[in-house]
């Protein structure tokens, strides 16, 4: 498991694992599809989990079980490695497009990468997976 430190709240988010349905360039979490809707920011209080299983895009789940895909710029590939976690400091109460996220090695507590996050693209379960 991985944890993400949120500087503004001092809380941790549990990172899970997520299977990829396509190549890393076109990452889409298995069982989901894009709705076409997106948001530039998410409230820190609403973020429940950030899945860093892909080097190019992460899945963000909210406390209301809404799911978003955010594409990350180069530099955060180390976030997928065991024993690393992500950390970010924000000035307000939201995590927004363009925020810089650092990847921290848990053993040395040193930064091993950083990247910017993109818009939060809303996901919905694929019709074949919805029961």
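Take each peptide in 51-58, 63-70, count the other Cβ atoms within 10 Å of every residue, and average; sorted highest first, the result is 51-58, 63-70.
Give me the percent relative contact order of the range 70-131, please, defined on Cα pairs under 8 angstrom at least 6 residues apart.
38 percent
Sorted on the mean count of surrounding Cβ atoms within 10 Å across their residues, most packed first, peptides 115-121, 76-82 read 115-121, 76-82.
Values in this text are rule-based calculations from the coordinates and carry no lab data. Please read all numbers here as calculations on a predicted model, not as lab measurements. No Cβ is skipped: glycine too gets one built from the backbone with ideal geometry, and neighbour counts run over all protein chains shown.
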